[in-house]
């Protein structure tokens, strides 16, 4: 009898997660692009790595969606990070424009 209960306990302990986490799915998707990444020039590889980092950064939020493939969520995560960067740059431009004199010819020799 002890053998039966221990084998049940052992099978319960050995049972693990049968579905991949969303973070794992994102990593699998990124890994599937490895040949494409290798074919890119170095600076393009770096840009792609930044995009993939954005996808990883939002993986926990993506876990709340029931999607068969994580790629849609990855793309939206990448766009979200890009939009945040655009907003930051717009703020910097506005700040610089307010600091600049209105007449751009001021200070130039005539």
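Is it fair to say residue 82 is in a helix (DSSP H, G or I), in contact with a helix residue (DSSP H, G or I) (Cβ under 9 Å, 6 or more places away or on another chain), surrounded by 10 or more Cβ atoms within 10 Å (Cβ to Cβ) and modelled with pLDDT of 95 or more? So residue 82 fits the description; yes. Can you tell me which residue within the range 35-68, out of those that are outside any helix (DSSP H, G or I) and in contact with a helix residue (DSSP H, G or I) (Cβ under 7 Å, 6 or more places away or on another chain), is modelled with the highest pLDDT? Out of the qualifying residues, it is 40. Any residue in the range 53-66 that is under 20 Å from residue 33 (Cβ atoms) sitting within a Cβ distance under 7 Å of a residue that is at pLDDT 90 or above and exposed (fewer than 13 other Cβ atoms within 10 Å of the Cβ)? List the pairs, counting only those 6 or more apart or interchain. Listed by first residue and then by second, the contacts come to nothing, as the list is empty. Just so you know, in the range 13-34 the residues that are over 24 Å from the mean Cα position of the chain (by Cα) and either in a helix (DSSP H, G or I) or surrounded by 12 or more Cβ atoms within 10 Å (Cβ to Cβ) (or both) include one that is modelled with the highest pLDDT, and it is 14.
The values are calculated or read from the model by the stated rules, or taken from the named source; none is laboratory data. None of the values given here were measured: they were computed from a predicted structure. Reconstructed Cβ throughout: ideal geometry from the backbone, glycine too, with neighbour counts over all protein chains shown.
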